[in-house]
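A.B. asks: Take this structure, written in structure tokens, and hold onto it; I'll ask about it next.
The values are calculated or read from the model by the stated rules, or taken from the named source; none is laboratory data. Since this is a predicted model, take the numbers as computed values, not measurements. Cβ atoms come from the backbone with ideal geometry, glycine included; neighbour counts cover every protein chain shown.
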Amino acid sequence: MSDPEVPAASEPHFGADAPRVPAQGPVDADVFAYAAEIPTFLRLPLNRQGTGADICILGIPFDGGITERAGAREGPRAVRLGSSISRYFHGTIGRPYDKCKVVDAGDVPINCLVPDGGRDQIAKRYRALRQAGARVVAVGGDHSATLHCLEALGWDEPVGLVHFDAHTDSYDSDSGSLINHATVFRRAIEGGYVDPKRSVQIGLRPDLHGREQLAWPLAAGMTIIDSDEIMVRGVESCADQMLTSLGAGPIYVSVDIDVLDPCFAPATGCPEPGGLSARELRYLLARLKGIRLAGADLMEIAPPYDVRDQTALLAGRLLFDLVCLMAET
């Protein structure tokens, strides 16, 4: 009996770009192994200007707004590596690369030696990509960068918000600073970028400096679903409440990696015990399918505290989830 015919392996091509399957998706894993090629977000093409792209992934290597453990400036680089084990479609959400051209738009140039030296650059780069016609998924970096993304979003009216986090990030100030990763959504609401009555915060922990930390977001009209509620009521009931709270219109999705329990994501500046599981977070994200995303981000990944790249690998999958959601609308 003759040996069965074995299909010829794909031949590498070293022209303008590496082979991609689909053509505008990640580098072809049958040609270039996951550990090969220059790392980009989700192994996608690098296009700093965002020309012709529908979705741009923008790195924000900034941690000038963090109050505890620094290191989030290294987040974008780690997520690029962690997202190397990428996929082409999401079985629940859809096939993003069949519908959209998605690119890695590089990083915002940050001068880490100048206090607040990169904040204006964050808004400038974000705005340039929006003017090129793309929606943006930002990867940080500390959560204060989200304020500058929302500032540059350029939507006609305040957007709704889905905020996954262990903390409210709605303080008036922290250590005398009005702009940092603990005040971002208070400043965003005051600036008219976010509609608090169409906003929901998910995964907050019961550990607080005082009850007043919840008073302001609740008085502003935000919906809060804490981690204990998810345990007691179940993820499905909380997902339904999340969708009801958003009403109609576009939303912005912001994921702080510390919404997850540290056993799933140890690499973050402010780890808080008792968080969501990776499965719960990915399910809640998938339930947003069909809602128009104005923008999205994934923040607070601090690689110096990672364990065997666990957080970076998970962040790569969460980034893919956000891209899939954006491509569907």
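A.B. asks: For the list (1) hydrophobic (A, V, I, L, M, F, W, C); (2) closer than 17 Å to H167 by Cα; (3) not in a helix (DSSP H, G or I), I need the number of the one condition that L288 fails.
C.D. replies: (2)
A.B. asks: Tell me, yes or no, whether the stretch 82-100 has at least one residue that is assigned to a loop (DSSP other than H, G, I, E, B), surrounded by fewer than 21 Cβ atoms within 10 Å (Cβ to Cβ), at pLDDT 95 or above and touching a strand residue (DSSP E or B) at 6+ places or on another chain (Cβ under 8 Å).
C.D. replies: yes
A.B. asks: Can you name the condition, by its number, that A105 falls short on among (1) in contact with a Gly (Cβ under 6 Å, 6 or more places away or on another chain); (2) outside any loop (DSSP other than H, G, I, E, B); (3) under 22 Å from L150 (Cα atoms); (4) touching a residue at least 60 places away in the same chain (Cβ under 8 Å)?
C.D. replies: (4)
A.B. asks: Oh, and also: Looking at (1) of a type in the set (G, A, S); (2) more than 15 Å from A294 (Cα to Cα); (3) touching a residue at least 40 places away in the same chain (Cβ under 8 Å), which one does G160 not meet, given that it meets all the others?
C.D. replies: Condition (2) is where G160 drops out.
A.B. asks: Only one of these is in contact with a strand residue (DSSP E or B) (Cβ under 9 Å, 6 or more places away or on another chain), under 30 Å from G82 (Cα atoms) and surrounded by 13 or more Cβ atoms within 10 Å (Cβ to Cβ): I189, I202. Name it.
C.D. replies: I202
A.B. asks: Looking only at the stretch 221-270, how many residues end up being in a loop (DSSP other than H, G, I, E, B) and closer than 22 Å to A302 by Cα?
C.D. replies: Qualifying residue count, the stretch 221-270: 10.
A.B. asks: Answer yes or no: is there a residue in the stretch 295-304 that is assigned to a helix (DSSP H, G or I), touching a Ser or Thr at 6+ places or on another chain (Cβ under 8 Å) and surrounded by fewer than 23 Cβ atoms within 10 Å (Cβ to Cβ).
C.D. replies: The answer is yes; a qualifying residue exists.
A.B. asks: Name the residues in the stretch 35-62 that are without any contact (Cβ under 8 Å) to a residue 60 or more places away in the chain, surrounded by 14 or more Cβ atoms within 10 Å (Cβ to Cβ) and in a loop (DSSP other than H, G, I, E, B), would you?
C.D. replies: A36, E37, P39, P45, N47, R48 - these are the residues of the stretch 35-62 that are without any contact (Cβ under 8 Å) to a residue 60 or more places away in the chain, surrounded by 14 or more Cβ atoms within 10 Å (Cβ to Cβ) and in a loop (DSSP other than H, G, I, E, B).
A.B. asks: Something else: Being loosely packed, with under 13 Cβ neighbours inside 10 Å, at pLDDT below 95 and either in a helix (DSSP H, G or I) or in contact with a helix residue (DSSP H, G or I) (Cβ under 8 Å, 6 or more places away or on another chain) (or both) is the filter here; which residues of the stretch 113-131 pass it?
C.D. replies: D120
A.B. asks: Just one of G75, G65, G71 is in contact with a His (Cβ under 6 Å, 6 or more places away or on another chain) and closer than 14 Å to G140 by Cα; which is it?
C.D. replies: G65
A.B. asks: Does any residue in the stretch 70-97 that is under 21 Å from A33 (Cα atoms) come within less than 7 Å, Cβ to Cβ, of a residue that is among the charged types (D, E, K, R) and in a helix (DSSP H, G or I) six or more places away or on a different chain, and which pairs are these?
C.D. replies: S84/R43; S86/R43; H90/D321
A.B. asks: List, please: which pairs have Cβ atoms under 8 Å, are six or more places apart or on different chains, and start with a residue in the stretch 127-138 that is under 12 Å from C100 (Cβ atoms) and end with one that is in a helix (DSSP H, G or I) and at pLDDT 95 or above?
C.D. replies: Sorted first by the residue in the stretch 127-138, then by its partner, the pairs are R135/M326; V137/L319; V137/L322; V137/V323; V137/M326.
A.B. asks: Another one. Among S245, S175, which is polar (S, T, N, Q) and buried (at least 21 other Cβ atoms within 10 Å of the Cβ)?
C.D. replies: S245 is the lone residue from the list that is polar (S, T, N, Q) and buried (at least 21 other Cβ atoms within 10 Å of the Cβ).
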